[in-house]
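Here is the structure we will look at.
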Amino acid sequence: MASSRPDLTEDMLAEIIAIDDHWLLHSLALNDRLPDRFRIHLTTHRDKAVRSALVVHAATAPREMLEQLIDDPDPRTGP
């Protein structure tokens, strides 16, 4: 759902993150239109599946996000 929505506002994105639902966050992390500040924020999420989902669009990721994922404690998460 959230992975294919180009019309999510920043308020909606913040609300989805605040809900902290695994499936919503995972879907959101797969959204290639997710603003960089939210992508960077999700690199610190406790769920490794959410962090791993960010790597799917690593080619367009901001440097800060990639730097945080390289140091991820789970080796399967990094880019």
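No lab work stands behind these numbers, since they all come straight from the coordinates. Since this is a predicted model, take the numbers as computed values, not measurements. Backbone-built Cβ (ideal geometry, glycine too); neighbour counts: all protein chains shown.
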Kirkwood-Stokes translational diffusion coefficient of segment 2-70, alpha-carbon pairs, 20 °C, 1.002 mPa s, µm²/s:
184 µm²/s
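Which net charge results for the neighbourhood of R63, defined as the other residues with beta-carbon distances under 12 angstrom from its beta-carbon, given Lys and Arg at +1 and Asp and Glu at -1?
Working: positive: R39; negative: D36, E64, E67.
Counting the neighbours of R63, the net charge comes to -2.
Mind checking the full-extension length gain between R37 and A59? Use 0.36 nm per residue of separation minus the Cα-Cα distance, one decimal, nm. Provide the component values of the computation, followed by the final result.
Numbers: separation 22, 0.36 × 22 = 7.92 nm, distance 1.60 nm.
Here the segment from R37 to A59 would lengthen by 6.3 nm.
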If you count, for each residue, the other Cβ atoms within 10 Å and average over each peptide, how do 54-63, 30-39, 7-16 line up from highest to lowest?
30-39, 54-63, 7-16
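Just how large is the dipole of the chain about the Cα centre, in debye to the nearest 20, putting +1 at every Lys and Arg Cβ and -1 at every Asp and Glu Cβ? If you can, show how the numbers build up before the last one.
Working: 9 positive and 14 negative charges, 48 e Å.
With only Lys, Arg, Asp and Glu charged at Cβ, the dipole is about 240 debye.
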Kindly express, to the nearest 10 degrees and within the range 0 to 90, the angle between helix 10-19's C-alpha long axis and the longest C-alpha principal axis of the chain.
70 degrees
Furthest towards positive pole of dipole, T44, A18, V56, structure part segment 2-70, Cβ charges:
V56
